[in-house]
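**Student:** One structure coming up, written as structure tokens, with questions to follow.
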Amino acid sequence: MRRNYSRIRNNGKPTGQVRKSRTLALEEATGIENILKAIKRSGLDSDDALQIVEALKSLELIDIPAVKSGKEAVLLTEFLETFWDFETSPYVREKLAHGHTIGKRHCYEMNHRLNRYWRITFQGRTLDSMTRQDLKEFSLSLADRGLTPASINKIMFVGKTPLSWAFREGLIPADPTVGLVNFTGDAKKRGVLTPLEAQALFETKWKNKRAYVASLLACTTGLRSGEVLALRQEDIGERVLNVRHSWSEFDGQKTPKNGETRRVPLLPEVKALLLELARSNPLGPEGFIFYSDITDKPIDRNVLLDGLQNALAGIGIDAKARGIVFHSWRHYYAARMADRMSADQVSRITGHKSMAVFEAYADHITEQNLEEVGRIGAEVFGNVLQFRKVG
């Protein structure tokens, strides 16, 4: 039996509503399809595409940042290079404007790791194409190369910080660093001499007097190498050393690490050697105590390290095998003083505390505290105060 579908369509009320809704849906679909076809034929460039995205955002149909892609997209390596350029980086400018500390040396190290690790791996990749999986696989590849956890974290910092910043600034639609976990493990410890080794070291003959005095100073005060290099005669007090500056090959003279200045007890024998060096400076008493041949520039810090390593070799110690560097004196000082004083007392002198904590204690570093530290220091380091065999 043949059914009359025409009758059903014409006489059934619901059928008319279905026809109408289907017609509208068809028209809408055809309209969207035509729009998409028109877009494909139009030869839009990235600027045109950005305008479309912005129009959709204004209608509250999407809520994502608008970023270029394709030929005009920002390359990841170019973005990172600019980000870690001390002179032009908006990130550095922002940090400095807010009173944070960031130096040229830090930016130099970031660019060094960028060129050594990131550039080859992500050559040609765009900023907006980076994903969490990319970063995760990159970090695991570094681990496969046998790098230490501390080294991997430093290398990852080169990209993680800029990518997070790019997301906050609306340059990329998502933060690919979210959820990434730092690597953990025992950091490679610096070697530290024993008291008998330190005594033997300062009894042997050193080839470079400035390197000798610098090591003796660091051994008995815990100063960092940059703080040693920045010293001038005006920093030498009656019984204390005023640590007000630090020297960096990249930044020149600056404030010490964490931005703090401090006073440290100065043993009379060490003070005498410092004044002797200051008087021997051909550039005058206003120059650096550890002077170089260049006006208003101290000797290179490698001179201090080379002098230490050569002297250690003279007493049969392989500095590289033991992991002993100039900074090892800071650990030596802290360890020896901690045998006789509380960690809190030692940290006030060495400046190990963060700036906030240091400021909380700064007012309590009294003359009595300094005298106590100086007295104990004279007892602790009496075995290394030998001055007979300096070349």
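**Student:** Identify the single condition in (1) touching a residue at least 12 places away in the same chain (Cβ under 8 Å); (2) farther than 23 Å from VAL74 by Cβ; (3) of a type in the set (S, T, N, Q); (4) surrounded by 15 or more Cβ atoms within 10 Å (Cβ to Cβ) that THR126 does not satisfy, given that it satisfies every other one.
**Tutor:** Status for THR126: all satisfied but (2).
**Student:** For the range 204-241, give me each residue that is surrounded by fewer than 24 Cβ atoms within 10 Å (Cβ to Cβ), out of contact with any Ser or Thr (no Cβ under 8 Å at 6 or more places or on another chain) and either among the acidic types (Asp, Glu) or part of a loop (DSSP other than H, G, I, E, B) (or both).
**Tutor:** Within the range 204-241, THR204, LYS205, LYS207, ASN208, GLU234, ASP235, GLY237, GLU238, ARG239 meet the criteria.
**Student:** Within the range 139-194, which residues are without any contact (Cβ under 8 Å) to a residue 60 or more places away in the chain, within 30 Å of GLU94 (Cβ to Cβ), small (Gly, Ala, Ser) and assigned by TED's automatic domain parsing to the domain that holds ASP128?
**Tutor:** SER139, ALA150, SER151, SER164 - these are the residues of the range 139-194 that are without any contact (Cβ under 8 Å) to a residue 60 or more places away in the chain, within 30 Å of GLU94 (Cβ to Cβ), small (Gly, Ala, Ser) and assigned by TED's automatic domain parsing to the domain that holds ASP128.
**Student:** Considering only the range 264-282, I want to know if a residue exists there that is outside any helix (DSSP H, G or I) and more than 20 Å from THR220 (Cα to Cα). Walk me through how you get there before you give the answer.
**Tutor:** The initial filter retains those residues of the range 264-282 that are outside any helix (DSSP H, G or I), namely 264-267, 281-282.
Next cut, more than 20 Å from THR220 (Cα to Cα) only: 281-282.
Yes, that holds for at least one residue.
**Student:** Please name all residue pairs, on different chains or six or more residues apart, with Cβ atoms under 6 Å, provided the first residue is in the range 73-99 and is surrounded by 13 or more Cβ atoms within 10 Å (Cβ to Cβ) and the second residue is aliphatic (A, V, I, L, M) and assigned to a loop (DSSP other than H, G, I, E, B).
**Tutor:** Pairs that qualify, where the first residue is surrounded by 13 or more Cβ atoms within 10 Å (Cβ to Cβ) and the partner is aliphatic (A, V, I, L, M) and assigned to a loop (DSSP other than H, G, I, E, B), are VAL92/ILE102; LYS95/ILE102.
**Student:** Right, here's the next one. Of everything in the range 129-138 that's touching a residue at least 12 places away in the same chain (Cβ under 8 Å) and of a type in the set (D, E, K, R), which residue is farthest from ASN182 (Cα to Cα)?
**Tutor:** Step one: filter the range 129-138 for residues touching a residue at least 12 places away in the same chain (Cβ under 8 Å), giving 129-132, 134-136, 138.
Going one step further and asking which of them are of a type in the set (D, E, K, R), we end up with 132, 134, 136.
Values: ARG132: 13, ASP134: 15, LYS136: 10 Å.
Among residues in the range 129-138 that are touching a residue at least 12 places away in the same chain (Cβ under 8 Å) and of a type in the set (D, E, K, R), the one farthest from ASN182 (Cα to Cα) is ASP134.
**Student:** Also, quick follow-up: Which of the numbered conditions does ARG322 fail, given that it passes all the others? Conditions: (1) surrounded by 13 or more Cβ atoms within 10 Å (Cβ to Cβ); (2) out of contact with any Gly (no Cβ under 8 Å at 6 or more places or on another chain); (3) over 18 Å from THR221 (Cβ atoms).
**Tutor:** For ARG322, the failing item is (2).
**Student:** What number of residues within the range 155-180 satisfy the criterion of being in a helix (DSSP H, G or I) and surrounded by 15 or more Cβ atoms within 10 Å (Cβ to Cβ)?
**Tutor:** We begin by selecting, within the range 155-180, every residue in a helix (DSSP H, G or I); these are 155-168.
Filter once more, so that each one left must be surrounded by 15 or more Cβ atoms within 10 Å (Cβ to Cβ): 155-156, 158-167.
Total meeting the criteria: 12.
The values are calculated or read from the model by the stated rules, or taken from the named source; none is laboratory data. Just so you know, these numbers come straight off a predicted model, no measurement behind them. As a convention, Cβ positions derive from the backbone with ideal geometry for all residues, glycine included, and neighbour counts pool all protein chains shown.
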